[in-house]
Amino acid sequence: MNLQFPRIFRPFFGKNVLWQKKTSSKVIYLTFDDGPVPEVTPQVLDILDKYNWKATFFCVGENVKKYPELYNEVLRRGHKTANHTFNHIKGFSYKTEEYVKNVQHASHYIESKLFRPPHGQITHRQIRALKRDYQIIMWDVITHDYNRKLTPEQVYDNVKNNLRNGSIVVFHDSIKAKNNVLEVLPKAIEFWKSEGYKSGLL
């Protein structure tokens with residue numbers, strides 16, 4: 001089962017969009033989208049602490065506004081944070097100016113030069129408008145942990161079967177993904193370590 005965005009289409013997004021870090025080293029760039037939320041993020045942080053693994057959290061601005069202490073806890077534990085819009089909006093549904101304003105609104109709560117578009121939806125005009133201020137980060141491996149039709153075993157297979165040096169891997173610290181991420185994340189990190197991979201921060 002291959003649920004990844006086809007690599008052949010990635011260049012059409014342009015050189016200002018990062019899908020994978022080019023490296024010969026065995027490094028994984030673990031990321032989380034859609035948090036922070038008290039139902040999931042603290043448990044994710046505890047798992048990462050247990051395995052001494054660092055990650056980049058692409059946060060939704062309105063969640064940071066609601067849970068500032070939890071956001072600060074992510075930083076306190078040595079992880080990075082990044083912008084994921086204020087309202088988790090889809091780029092294809094918004095004009096460029098409106099979309100950029102939403103990202104800028106989130107930046108009042110999230111201090112970062114990294115940005116990931118929710119759902120991977122971003123137009124060329126939006127990319128051009130944002131590239132001056134942000135490095136736009138997509139992904140090399142998306143786990144689909146948010147898909148409740150997938151079992152933890154299927155999510156784990158997505159992690160194992162599509163990995164390579166420099167992969168940017170996406171999990172979600174969201175309520176929708178809770179069961180899958182909390183079950184699969186420890187297994188994924190154990191697998192990466194057994195294969196000689198180390199954690200990297202974007």
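The values are calculated or read from the model by the stated rules, or taken from the named source; none is laboratory data. None of the values given here were measured: they were computed from a predicted structure. Note: ideal-geometry Cβ built from the backbone for every residue, glycine included; neighbour counts use all protein chains shown.
See the values below:
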{"read-out": "Neighbours by Cβ (under 8 Å, 6+ apart or cross-chain): first from segment 78-97, hydrophobic (A, V, I, L, M, F, W, C); second surrounded by fewer than 17 Cβ atoms within 10 Å (Cβ to Cβ) and in a loop (DSSP other than H, G, I, E, B)", "value": "F92/Q121; F92/T123"}
{"read-out": "Condition broken by S107, with the remaining ones in (1) farther than 18 Å from H172 by Cα; (2) surrounded by fewer than 14 Cβ atoms within 10 Å (Cβ to Cβ) satisfied", "value": "(2)"}
{"read-out": "Number of the condition not met by A188 [criteria: (1) surrounded by 22 or more Cβ atoms within 10 Å (Cβ to Cβ); (2) at pLDDT 95 or above; (3) more than 21 Å from T23 (Cβ to Cβ)]", "value": "(3)"}
{"read-out": "Exclusive hit being farther than 19 Å from F57 by Cβ, free of Cβ contacts under 8 Å to residues at least 60 places away in the same chain and not basic (K, R), set N158, N179, N162", "value": "N179"}
{"read-out": "Failed item, numbered, when Y134 is tested on (1) over 30 Å from K22 (Cβ atoms); (2) surrounded by 19 or more Cβ atoms within 10 Å (Cβ to Cβ)", "value": "(1)"}
{"read-out": "Residue satisfying all of: in segment 123-145; part of a loop (DSSP other than H, G, I, E, B) and free of Cβ contacts under 8 Å to residues at least 60 places away in the same chain; farthest from the chain's Cα centre (by Cα) among these", "value": "R132"}
{"read-out": "Residues being assigned to a loop (DSSP other than H, G, I, E, B) and within 16 Å of Y29 (Cα to Cα) - total across segment 54-78", "value": "3"}
{"read-out": "Residue within segment 29-43 that is of a type outside the set (D, E), over 16 Å from S174 (Cβ atoms) and out of contact with any Gly (no Cβ under 6 Å at 6 or more places or on another chain) present", "value": "no"}
{"read-out": "Criterion: modelled with pLDDT of 95 or more, closer than 21 Å to R10 by Cβ and of a type outside the set (F, W, Y) - qualifying residue of L130, L75", "value": "L130"}
{"read-out": "Selection count where residues are surrounded by 19 or more Cβ atoms within 10 Å (Cβ to Cβ) and either of a type outside the set (F, W, Y) or not in a helix (DSSP H, G or I) (or both), scope segment 151-162", "value": "3"}
{"read-out": "Given (1) under 29 Å from E190 (Cβ atoms); (2) in contact with a helix residue (DSSP H, G or I) (Cβ under 8 Å, 6 or more places away or on another chain); (3) crowded, with 20+ Cβ neighbours inside 10 Å; (4) of a type outside the set (S, T, N, Q), number of the condition I168 does not satisfy", "value": "(2)"}
{"read-out": "Cβ pairs under 7 Å, 6+ apart, first in segment 49-65 and at negative phi, second in a helix (DSSP H, G or I) and aromatic (F, W, Y)", "value": "C59/Y71; V64/Y71"}
{"read-out": "Among the candidates F32, F57, residue that is at pLDDT 95 or above, in contact with a helix residue (DSSP H, G or I) (Cβ under 9 Å, 6 or more places away or on another chain) and closer than 18 Å to H108 by Cα", "value": "F57"}
{"read-out": "Selection count where residues are farther than 22 Å from A82 by Cα and not in a helix (DSSP H, G or I), scope segment 166-202", "value": "3"}
{"read-out": "Positions within segment 171-195 being hydrophobic (A, V, I, L, M, F, W, C) and out of contact with any helix residue (DSSP H, G or I) (no Cβ under 8 Å at 6 or more places or on another chain), in sequence order", "value": "I175, A177, W192"}
